[in-house]
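Asker: Would you mind keeping the following structure in view while I ask a few things?
Derivation of every value follows stated rules applied to the coordinates shown; laboratory data play no part. Predicted model, so just to flag it, every value in this text is computed and none were measured. Glycine also receives a Cβ, built like all others from the backbone with ideal geometry; neighbour counts cover every protein chain displayed.
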């Protein structure tokens, strides 16, 4: 029994990946039709993006502050505390900003998307929409998918800006690094294309992946309360793994 | 319902504006874009036998204050030395024309920049002028090589030491 179970688990995960890919194609196919539901997309940008601002801003502030604190301490051992601002900015723009934001986004918005769509499935609302000739892919899934792609890069920018502010507060106001040194070293080393914009491209990809996983898990959930709970958990787990793995791959390509 | 939808739309618009404002802030204030001089500038030229790791847009400093940036680095095919064009902000127009340009390294292993040591001439440099006195970048490998030769345990003869010193100071202005 257990010997027969292992290959079937592998087959199950493969089937999941395949189903997720087909789901993505279906969603992409409905994008032209979902233009009619533009208002719904705006509402979702508000819901997954603007409502995540508080957690993103708070976390950004603290991530930047702790980065500034740690780097100032470590770099001053090598007599290069002046580079703290540079290292904070590069680490944030290239890696931490997009990745931490995507993980927070998966926890804050991905779960609620999965739970919402999952409950629609469990309470047969999706079937009711089909009865009324409303394509749930175009009305429910596509707006959320688009909203994720729009919202995550914007959230990453806000996160980065707040993190720089946090690092500035710690390094300059608290630890006494010179203000001009902090900014001039940063501006000398950070490039718009290779650092800032590459981070934004990463954010676009993470936004697409996170919302794809969230909507797919919600859409294909088992129509029970247990199924919805399981799908929500799986959204967080899969999103986190995929974001971190994709981050490695994208870094390798973008560098 | 319409009232509610309208407030959603306004909030979403504000959120998108905030995001783009953050992006604009990051792109213009914390990157090298911020270093492009906004005001008028004038160009100066300097020849170096070796520029080391000097890069485009590297800062140009006088007394440690940033006054401009490196605009282009080209090789003179005839003299086989590097011509570095720098653009200096118009507000720093008072640079004596016997000033020296040198390539320094910020910190021990930091980025390289062009440092200008002001001279005492009453005449000031004009657009397109060239620095007469320049000092190339210090190559760490050369320094280590010299140190290994001069600092070897078997106390080298005086004759061996002198050329090494000579080489470092040949036809170059003394450091301030």
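Asker: Test of understanding: ordering A:40, B:141 by Cβ neighbours within 10 Å, fewest first, what list do you get?
Answerer: Result, fewest neighbours first: B:141, A:40.
Asker: Follow-up. Using only Cα atoms, find the angle between the long axis of helix A:2-34 and the longest principal axis of chain A, and express it within 0 to 90 degrees, rounded to the nearest 10.
Answerer: 80
Asker: Would you list the P(r) distribution for chain A, with all Cα-Cα distances sorted into 5 Å bins from 0 and each bin expressed as a whole %?
Answerer: Pairs per bin, as whole percents: 1, 7, 12, 15, 16, 14, 10, 8, 7, 5, 4, 2, 1, 0.
Asker: Something else now. Taking neighbour counts of Cβ atoms within 10 Å as a proxy for exposure, in what order, fewest first, do A:99, A:17, A:141 appear? Kindly include the intermediate steps, with their values, before the conclusion.
Answerer: On the way: A:99 20, A:17 10, A:141 26.
Lowest to highest Cβ neighbour count: A:17, A:99, A:141.
Asker: Using only the alpha-carbon atoms, how far is helix A:111-122 inclined from the longest principal axis of chain A? Give it as 0 to 90 degrees, nearest 10.
Answerer: Helix A:111-122 and the main axis of chain A meet at about 0 degrees.
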